[in-house]
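These notes are about the structure you will find just below.
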Amino acid sequence: MIETPAPSNFLDTIVREDLESGRVSEVVTRFPPEPNGYLHIGHAKSISVNFGLAERFGGRCNLRFDDTNPLKESQEYIESIQEDVRWLGYQWHGEVKYASSYFGQLYEWARQLVREGKAYVCDLSAEETREYRGTLTEPGRNSPYRDRSVEENLALLEGMKNGEFDEGSRVLRAKIDMASPNMNMRDPTLYRIRKVSHHQTGDDWCIYPTYDFAHGQEDAIEGVSHSVCTLEFEDHRPLYDWLIENLPVPSRPRQYEFGRLNPSYTVTSKRKLKQLVDEGVVSGWDDPRMPTVSGMRRRGFTPASIRRFCDMIGTTRSDGIVDVAMLEHAIRDDLNENAPRAMCVVNPLRVVLANYPEDQVEMLSAGSHPSREDLGQRQLPFARELLIDREDFREEANKKYKRLVLGKRVRLRNAHVIEAVDVERDDQGEVSAVLCEVVSDTLGKDPADGIKPKGVIHWVSAAHGIPVELRLYNRLFQVEAPDRGEEDFHQYLTPDSLRVTTDAVAEPGLAAAEPEQSFQFEREGYFVADRFDHSTEKPVFNKTIGLRDTWQRQGS
């Protein structure tokens, strides 16, 4: 695949203007995932936006874990996220950063808000808080605890920090405006009690800041110039700005939003993806049917194809469904140019070449790629007994069928022309073997008698081919928008989205394939040696994608 520069977008325009006006002297962005699950294709878009901006303008991008909710977070997710970012081809600036590293400073800033009468400890229950909050059309009501004295609030906040109160009994809230048309400004929660160990800080804390309180201040501490997030945070921006304006932060970052990536036939809610894992619908976060980066990697998607897809869809200010066929086009385009060719027979049918010597084996040479000489040649053993795909033979067929038919000729890929003369049957009357003859002097040339073959089929030597396990994947969901509305997304799961066959036989060179090495199995599709299960002793290949490109056809 040919790398092309990302097209300019509204964020590029903002950054360029900020640099030219002198508002910023350096572009600093950040990718701030919460470590409560594996990254998915939507995160890959966010990664490409944040790291891409820094790359294009000579700046830097931080990787920061917003680890403010230890109930749902784990070290496993932290490690997987770092690996995914590196695999996609990006490198963060300096050391990995954590919101938890700033807990001490955030707590002192919370105390400052209390001292200035801009925050208070509230005893309302979660249900009462919702009632007091109001609705989109009705203003909220002030909490009965809103007018506590500064001294009482400071003492209660200290008690929360020291573990003196039960979870859910008290929270720290900002004192803003319960009549604000923006629900996020109606005295939002800044701190809540969570008596659980934290994966980074252990038992040092039993109160934790909310994402809304921590995020902007972390940006300010790190000198972030452009805090880029997805569109659902647009209504949170006034709170982001209010906190920046009311705290003595060391810099003044600004938040900008772009439309999130919602591919068709896909669920990207981490909660729902975790459900699929926990319920055993898939084998894990890296199941090749999952839209996670690790799942796509195991499926055979390449970093270049994912980055290219992110460039293709662009960066806009609106949400929308993106045709997943665009992503499939990106990986086909990449693998078509870069994947070596190989032959694998999925549903074998024996072919016996009646006029070929029983003890003869020819080593035929074939290019590994039709236009990539740098990928070299491969050796294909050719012998009396071969295997072809059962779908490539019919006893009778019309003229549209371009494969092997009794009394007709076909060329074996990279080999001779053969003609079918008879069949053998098993006890059930099914064809168990096709008896053929090799047409003389047809290696690399047409038959001398002028009767040309009708088509070309793939094959392997029965004696030399290696058995392989193929995992054939389909889309996990069978409708375009499985995550829309209140309906249970489980009802849209594709039956048999994974089929496993151990009947397939491949050319012997595939025994040397390395894990994660991709191939085009000629006339079958693109396959990748499984990242974990593949070995020389037991080759395992996952189907990445078929050969047919529906998106390219629709777009032409």
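The values are calculated or read from the model by the stated rules, or taken from the named source; none is laboratory data. As the structure is a prediction and not an experimental result, all values here were calculated from the model. Neighbour counts run over all protein chains shown; Cβ positions are idealised from the backbone, glycine included.
For the stretch 51-97, taking the residues that are out of contact with any Ser or Thr (no Cβ under 7 Å at 6 or more places or on another chain) and among the hydroxyl-bearing types (Ser, Thr, Tyr), the one that is surrounded by the fewest Cβ atoms within 10 Å (Cβ to Cβ) is identified as SER74. Note on the stretch 54-64: residues that are touching a residue at least 60 places away in the same chain (Cβ under 8 Å) and in contact with a helix residue (DSSP H, G or I) (Cβ under 6 Å, 6 or more places away or on another chain) total 1. Given the condition free of Cβ contacts under 8 Å to residues at least 40 places away in the same chain and within 33 Å of the chain's Cα centre (by Cα), answer yes or no: does some residue in the stretch 71-78 qualify? Among the residues of the stretch 71-78, at least one is free of Cβ contacts under 8 Å to residues at least 40 places away in the same chain and within 33 Å of the chain's Cα centre (by Cα), which makes the answer yes. Here ILE451 passes the criteria (1) farther than 15 Å from VAL351 by Cα; (2) surrounded by 17 or more Cβ atoms within 10 Å (Cβ to Cβ); (3) more than 44 Å from the chain's Cα centre (by Cα) except the one numbered (2). A single member of PHE519, PHE477, PHE489, PHE532 is within 21 Å of the chain's Cα centre (by Cα) and within 19 Å of ASP334 (Cα to Cα), and it is PHE519. VAL281 meets each of the listed conditions (1) assigned by TED's automatic domain parsing to the domain that holds PRO381; (2) farther than 29 Å from ILE457 by Cβ; (3) among the aliphatic types (A, V, I, L, M) apart from (1). Considering the stretch 426-445, and only residues there that are of a type in the set (D, E, K, R) and within 27 Å of ARG390 (Cβ to Cβ), the residue that is surrounded by the fewest Cβ atoms within 10 Å (Cβ to Cβ) turns out to be ASP427.
Residue by residue, here is whether (1) touching a residue at least 24 places away in the same chain (Cβ under 8 Å); (2) surrounded by 15 or more Cβ atoms within 10 Å (Cβ to Cβ); (3) touching a helix residue (DSSP H, G or I) at 6+ places or on another chain (Cβ under 9 Å) holds:
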position	(1), (2), (3)
LEU335	yes, yes, yes
LEU349	yes, yes, yes
LEU353	yes, yes, no
VAL361	yes, no, no
GLU373	no, no, no
GLY376	no, no, no
GLU396	no, no, no
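Considering every residue within the stretch 92-111, establish whether at least one is among the aliphatic types (A, V, I, L, M) and within 25 Å of THR316 (Cα to Cα). Within the stretch 92-111 (the criterion being among the aliphatic types (A, V, I, L, M) and within 25 Å of THR316 (Cα to Cα)), the answer is no, since none of the residues qualifies. For the stretch 266-281, the set of residues classified as surrounded by fewer than 21 Cβ atoms within 10 Å (Cβ to Cβ), modelled with pLDDT of 95 or more and in a loop (DSSP other than H, G, I, E, B) consists of GLU279, GLY280, VAL281, listed by residue number.
Scanning the stretch 506-515 for residues that are buried (at least 17 other Cβ atoms within 10 Å of the Cβ), of a type outside the set (A, V, I, L, M) and part of a loop (DSSP other than H, G, I, E, B) returns a single hit, GLU507. None of TYR145, TYR191 is touching a strand residue (DSSP E or B) at 6+ places or on another chain (Cβ under 6 Å), more than 21 Å from GLN217 (Cα to Cα) and touching a residue at least 12 places away in the same chain (Cβ under 8 Å) except TYR145. Is the stretch 241-255 home to any residue that is of a type in the set (Lys, Arg) and buried (at least 19 other Cβ atoms within 10 Å of the Cβ)? Taking every residue of the stretch 241-255 in turn, at least one turns out to be of a type in the set (Lys, Arg) and buried (at least 19 other Cβ atoms within 10 Å of the Cβ). All conditions in (1) among the polar types (S, T, N, Q); (2) within 21 Å of the chain's Cα centre (by Cα); (3) assigned by TED's automatic domain parsing to the domain that holds ARG403 hold for THR315, with the sole exception of (3).
Inspect the stretch 27-45 for any residue being more than 24 Å from the chain's Cα centre (by Cα), buried (at least 20 other Cβ atoms within 10 Å of the Cβ) and assigned by TED's automatic domain parsing to the domain that holds SER251 and give the result as yes or no. Checked the stretch 27-45: at least one residue is more than 24 Å from the chain's Cα centre (by Cα), buried (at least 20 other Cβ atoms within 10 Å of the Cβ) and assigned by TED's automatic domain parsing to the domain that holds SER251.
Take the stretch 326-368 and flag every residue that is of a type in the set (A, V, I, L, M) and part of a helix (DSSP H, G or I). If the condition is that a residue be of a type in the set (A, V, I, L, M) and part of a helix (DSSP H, G or I), then MET326, LEU327, ALA330, ILE331, LEU335 are the ones that fit. Take GLU95 and tell me if it is modelled with pLDDT of 95 or more, within 41 Å of the chain's Cα centre (by Cα) and assigned to a helix (DSSP H, G or I). Judged against the criteria, GLU95 is not a match. Within the stretch 481-497, count every residue that is more than 17 Å from THR292 (Cα to Cα) and in contact with a strand residue (DSSP E or B) (Cβ under 7 Å, 6 or more places away or on another chain). Of the residues in that region, 3 qualify. Within the stretch 229-240, being part of a helix (DSSP H, G or I) and either crowded, with 23+ Cβ neighbours inside 10 Å or not aromatic (Phe, Trp, Tyr) (or both) holds for LEU231, GLU232, GLU234, ASP235, HIS236, ARG237, PRO238, LEU239.
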